[in-house]
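I have placed the structure first, in the form of structure tokens, so that the comments after it can refer back to it.
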Amino acid sequence: MEDPVVRRHENNPILTRADVPYPVATVHNAAAVRHQDRTVLLFRSHLHSGRSVIGLAESKDRFRFTVRPEPFLVPAREGIFAEYEEFGVEDPRLCAMEGAYWITYSAYSRHGVRIALARTEDFAHVERVALISQPDMRNVVLFPRKFDGRYARLDRPHSEISPWSINISYSPDLVHWGDSRVVMKPVPYHWDEMKIGPGATPFATESGWLHIYHGVFPTMAGAVYRLGVALHDLEDPSRILGVCDEWILQPEDPWERTGYVPNVVFSCGAVPEDDGSVTIYWGGADTVMCAGSARIADLVSLCLKRSRPAVQSM
Ligand code: BMA
């Protein structure tokens, strides 16, 4: 058997609700970033009400995490954010840029789901910046630099007439977004035929931006969530240099196959390391956090050598 491209950490699951000092049902879908000498995870937890909050865990060795005594982000109680976060805050992503950590997260309310932007410099204080999409939109990852003077993000609008696809949008100020276009679509009768969405914040390699995304396949026993990988041009991230035709990770361990939602691996964060590897964090079955690592060169090569069209012609 071929070696797996993503090697799971031997102590998976690395974080569970037993590690959280307040009552939660799950610990999953965490954003990840390196801050000073530690790795910070912002993870989602279902409360026993079924609504979600975002907690913070930190580690000096990438795999053994300590959770803060209080959640990091809970639904706002006043102002515009209170109206749009009343059902919970979910699935954050972190992007280090211009001296701050930018957090994009899903804000749920009676009006639908939209994306909010917050920022922190130290993970002690957090400040909400703006709601940066209309409903319905989830899964927004920022690129950590500007392109021709504009910020860029990958996003995933909902549609009734097309399988949900990955788009790119641009902004002069991180608040107002537009000039959107589709960059990647699901492929019929493939592992991601039902829908795809941005996953971890893209990171730069010599060959392009590497983006770990999720793809969903419908089965008689429910949907299966897997991870795939795509490579975007360094100077023009709307150009996809290659999308690997095969998944890089699928639910296999017992805690990925059974839990709050069975058969789910879902990543919101990956951290490139100095040794040419990337540490990937993913939620297992919407219940626990897992980690693994892959050689960045292997992922790049999968994108280029086992590529399929990013957007298939009709
Ligand atoms: C998606 C989101 C994710 C979740 C996944 C699997 O639609 O809700 O947060 O991990 O479904 O349940």
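The values are calculated or read from the model by the stated rules, or taken from the named source; none is laboratory data. Owing to the predicted nature of the structure, the values given are computational and were not obtained by experimental measurement. Glycine also receives a Cβ, built like all others from the backbone with ideal geometry; neighbour counts cover every protein chain displayed. Protein only, heavy atoms only, side chains kept; ligands, DNA and RNA dropped before computing areas. Shrake-Rupley method; radii C 1.70, N 1.55, O 1.52, S 1.80 Å.
Things to note:
- Each label was represented as a point 7 Å from its Cα along the Cα-to-Cβ direction; for Asp274 and Ala96 these points are 1.2 nm apart.
- Within the accessible surface of the chain, defined with a 1.4 Å probe on protein heavy atoms only, the carbon and sulfur portion equals 50 percent.
- Neighbourhood net charge (14 Å Cβ-Cβ; Lys/Arg +1, Asp/Glu -1) for Pro188: 0
- Restricting the stretch 30-93 to GluC sites (Glu not before Pro) that sit in a DSSP loop and have at most 10 other Cβ atoms within 10 Å of their own Cβ leaves Glu78.
- The listed peptides 132-141, 119-128, ordered by packing as a protection proxy, come out as 132-141, 119-128 (highest mean of other Cβ atoms within 10 Å first).
- Note that the stretch 39-44 has calculated 3J(HN,Hα) couplings of 9, 10, 10, 9, 10, 8 Hz, one per residue in order, obtained from phi through the Karplus relation 6.51 cos²θ - 1.76 cosθ + 1.60 (θ = phi - 60°); glycine and proline are x.
- The stretch 65-77 - phi-based ³J(HN,Hα) in whole Hz, Karplus 6.51/-1.76/1.60, Gly and Pro as x: 10, 10, 9, 4, x, 10, x, 7, 9, 10, x, 5, 9
- In order along the stretch 140-149, the Karplus-derived 3J(HN,Hα) couplings, from 6.51 cos²θ - 1.76 cosθ + 1.60 at θ = phi - 60°, round to 10, 10, 8, 7, x, 7, 8, 10, 6, x Hz, and Gly and Pro are given as x.
- Counting charges near Ala297 (Lys, Arg +1; Asp, Glu -1) among other residues having Cβ under 15 Å from its Cβ returns a value of -2.
- Under-5 Å amide H pairs with Phe87, H placed in peptide plane, nonlocal only: Tyr108, Ser109, Arg110
- Within the stretch 1-102, trypsin sites (Lys or Arg not before Pro) in DSSP loop having at most 10 other beta-carbon neighbours inside 10 Å: Arg77
- Separation between Cα centres of the stretch 1-74 and the stretch 232-278, rounded to whole Å: 16
- Under 5 Å, built H, 5+ apart or other chain: amide partners of Phe203: Leu210
- Rounded accessible area per residue of the chain, 1.4 Å, Å²: 43
- In the chain, the DSSP-assigned H stretches of four residues or longer account for a calculated mean residue ellipticity at 222 nm of -1500 deg cm²/dmol, using -39500 (n - 2.57) per stretch and the full residue count as denominator.
- Sites matching trypsin sites (Lys or Arg not before Pro) across the stretch 268-314 that sit in DSSP coil, with at most 14 neighbouring C-beta atoms within 10 Å: Arg306
- Net charge of Cβ neighbours under 13 Å - reference Arg226; Lys, Arg +1; Asp, Glu -1: -4
- Basic side chains Lys and Arg get +1 at the Cβ, acidic Asp and Glu get -1 at the Cβ, and with that the dipole of the chain about its Cα centre reaches some 340 debye.
- Accessible-area ranking of Glu256, Glu273, largest first, probe 1.4 Å: Glu273, Glu256
- For Lys305, the aspartates and glutamates whose Cα comes closer than 13 Å to its Cα, not counting residues fewer than 8 places off in the same chain, are Asp245, Glu246.
- Computed from label points 7 Å out along Cα-Cβ, the spacing between Glu78 and His9 is 3.9 nm.
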